[in-house]
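This report concerns only the one structure given below.
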Amino acid sequence: MTEQLVLDAGGPLGISGESGRRVYTAAMPVRWSDQDLYHHVNHARMITLIEEARIPWLFAEGLPTATLAAGAVMTDLNVKYRGQVKHADGPIRVRMWCEKVGGALMIARHEVRGRHTPDSEPPAVDCTARIAAFDLQTQRPRRFTTAERDYLLEFRHEAES
């Protein structure tokens, strides 16, 4: 991530919050080619931007969950558009945490905001992704290791009543 991208993102990046309520925030540049005919970020490109934002949170070398890069599958993806995201809104900020951490499955929550939209405002895009640890050799789900699970639990937010 370039220093200019961090400067332009409009908010703090990386890990924030206390253990058990941590959030990972990534800045993603919006490319001119990400737009559709109506000058909105195309749906397929938005999914790619969210996916690319997840990489430094979960798959970067040195993280306990880096092992998931060699074996994880998306079992469900739900995307809700609550506002527009345009090229001029970039770099967008993607805030991520876990809604659920099970034995082999996690539910990751993603909120996408433009650089000028504060975290106190609703996100333009709200996405949940079910991701399962997977053994490519046996072609079966596997359980999270203790280290993977402990890391994910740092980002686990209890449901609000």
Checklist entry - Are any residues in segment 127-161 acidic (Asp, Glu) and in contact with a helix residue (DSSP H, G or I) (Cβ under 7 Å, 6 or more places away or on another chain), and if so, which ones? => result Glu148
Item to check | Subset of segment 117-144 that is of a type in the set (Val, Ile, Thr) and part of a strand (DSSP E or B) - its residue that is surrounded by the fewest Cβ atoms within 10 Å (Cβ to Cβ) | outcome: Thr128
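One line per residue, one yes/no per condition, for (1) in contact (Cβ under 8 Å) with a residue 40 or more places away in the chain; (2) among the hydrophobic types (A, V, I, L, M, F, W, C); (3) over 25 Å from Thr48 (Cα atoms):
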position: Asp119; (1), (2), (3): yes, no, no
position: Ala124; (1), (2), (3): yes, yes, no
position: Cys127; (1), (2), (3): yes, yes, no
position: Phe134; (1), (2), (3): yes, yes, no
position: Thr138; (1), (2), (3): no, no, yes
position: Asp150; (1), (2), (3): yes, no, yes
Checklist outcome for this item: Scanning segment 64-112 residue by residue, the ones that are within 16 Å of Pro29 (Cα to Cα) and either among the aromatic types (Phe, Trp, Tyr) or part of a helix (DSSP H, G or I) (or both) total 3
Checklist outcome for this item: The residue from Ala129, Ala159, Ala133 that alone is modelled with pLDDT under 95 and touching an Asp or Glu at 6+ places or on another chain (Cβ under 9 Å) is Ala159
Next on the checklist: Here is a list: Glu111, Glu51. Which entry is surrounded by fewer than 17 Cβ atoms within 10 Å (Cβ to Cβ) and charged (D, E, K, R)?
Outcome noted: Glu51
Checklist entry - Can you spot a residue in segment 6-23 that is under 18 Å from the mean Cα position of the chain (by Cα), at pLDDT 95 or above, exposed (fewer than 12 other Cβ atoms within 10 Å of the Cβ) and under 20 Å from Phe155 (Cα atoms)? => result no
Checklist entry - When segment 57-77 is examined, which residues are found to be surrounded by fewer than 16 Cβ atoms within 10 Å (Cβ to Cβ) and farther than 25 Å from Gln139 by Cβ? => result Ala60, Glu61, Gly62
Next on the checklist: Can you go through Ala104, Ala27, Ala88 and tell me which one is surrounded by fewer than 13 Cβ atoms within 10 Å (Cβ to Cβ) and either on the phi < 0 side of the Ramachandran plot or not basic (Lys, Arg) (or both)?
Outcome noted: Ala88
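The values are calculated or read from the model by the stated rules, or taken from the named source; none is laboratory data. Small disclaimer: the values here were computed from a predicted structure and weren't measured. Because the Cβ atoms are built from the backbone with ideal geometry, glycine has one as well, and the counts that use them run over all protein chains shown.
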